[in-house]
1. Tell me the mean residue ellipticity at 222 nm calculated for the chain from its helices only (DSSP H runs of n ≥ 4, each -39500 (n - 2.57), averaged over every residue, nearest 500).
2. If you rank C186, C41, C243 by fewest surrounding Cβ atoms within 10 Å, what's the result?
3. Fewest first, what order do S16, S126, S7 take by the number of other Cβ atoms within 10 Å?
4. Just want the ordering: F274, F22, from fewest to most Cβ atoms lying within 10 Å of their own Cβ.
5. So what is log10(I(q)/I(0)) for the chain at q = 0.06, 0.14 1/Å, when the Debye sum runs over its Cα atoms only?
6. Any chance you could give the angle, 0 to 90 degrees and rounded to 10, that helix 50-60 forms with the longest Cα principal axis of the chain?
7. Do any of K128/K295; K128/K177; K172/K208; K123/K298; K177/K308; K116/K208 go past 31 Å between their Cα atoms, and which?
Amino acid sequence: MNHPLLSILTPMYNESGGIDHFFQTLEQALEDVPVDYEIICVDDGSADDTLQQLRNHADRNPRIKVLALTRNFGKEAAMTAALDFARGDAVLPIDADLQDPPELIGQMVDQWLTGKYEVVYAKRASRKADSLMKRKTAQWFYRLFNKMSEIHIPENVGDFRLMDRKAVDAIKLLPEKDRFMKGLFCWPGFRHTVIEFDRQERAQGESKFNYWRLWNFALSGITSFSTFPIRVGTYLGLIVSFCAFVFAVVVIIKTLTTGVDVPGYASTMVVILFLGGIQLFFLGLLGEYVGRIYKEVKNRPIYLVAAKWGFDDDQTA
Ligand code: UDP
Ligand code: MG
């Protein structure tokens, strides 16, 4: 019988300690799932022997395909590369650290095969494995993002989701260089359903995302999908101008009725500092967007492939 093809996409950066365990768990989980599959692993410029291990696995199992990038381009770029090379009727990104349980793939595929959904999300029912700080900041981020942008990203859903070819082809129409995949994945819409799971701790190694990186990631996400922050500047400017106008009227009337009032150093300083602060803040914010425009117009490729293994010879992105 002809099964549909599922492309599993895994970006890997310095994951060498866990690769054997990863493939073992994944391949076992896929055994009873009614699909053909390919596993596309992207070595995102690892400094350890991740690539060598991936190649060994590709030699062992022809369903494993390996893309090596020329350097570390970051998870979003690596994911984009995998998406470009995927040939599946559906794709399913999964982290290499087994924080996304492969055992769930069967259920996700079942939902997809009903034909009712193009997208099946796997949602973390709890974030027990994360610290309180990470949970809270994540929660704030999702709220803020969803308030400000025109698309809605589901809370506590990572990249772990199944997407039908229709959705994938739509995502591939989005050419931006600054890739916030969680947002891009949601942009096409389509019918979706949600499966819940408990997210485990990393099987081994450590997270590559510290708070600084997460903060920049969040900033990139919001500015990629919303111009609301700069619009706030417009409104704030209007409000402050209006207040200044009212204040000017008050000053004029006061001067005409009670004469010139020389002391006023404190209030002047307050106004100057306040306005200066706001102006700098929004200048910075504007810079964020200008920087992004700059990045887009340079039009550099999102990633560069150094070599690939396991793909058909003529296959390109
Ligand atoms: N990753 C990557 N390039 C990077 C950073 C991370 O390909 O520059 C991969 C990493 O190997 C893993 C996935 O992205 O497969 C998720 O990374 P991690 O587990 O560190 O993120 P977290 O689970 O803490 O969000
Ligand atoms: Mg992880």
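1. -16000 deg cm²/dmol
2. C243, C186, C41
3. If I rank by nearby Cβ atoms, fewest first, I get S126, S16, S7.
4. Lowest to highest Cβ neighbour count: F274, F22.
5. Evaluating at q = 0.06, 0.14 Å⁻¹ gives log10 I(q)/I(0) of -0.29, -1.11.
6. The answer is roughly 30 degrees.
7. Where the Cα-Cα span goes over 31 Å, the pairs concerned are K128/K295; K128/K177; K123/K298; K116/K208.
Just so you know, all these numbers are worked out from the coordinates, no wet-lab data involved. Just so we're clear, the structure is a prediction, and the values are computed from it rather than from any experiment. No Cβ is skipped: glycine too gets one built from the backbone with ideal geometry, and neighbour counts run over all protein chains shown.
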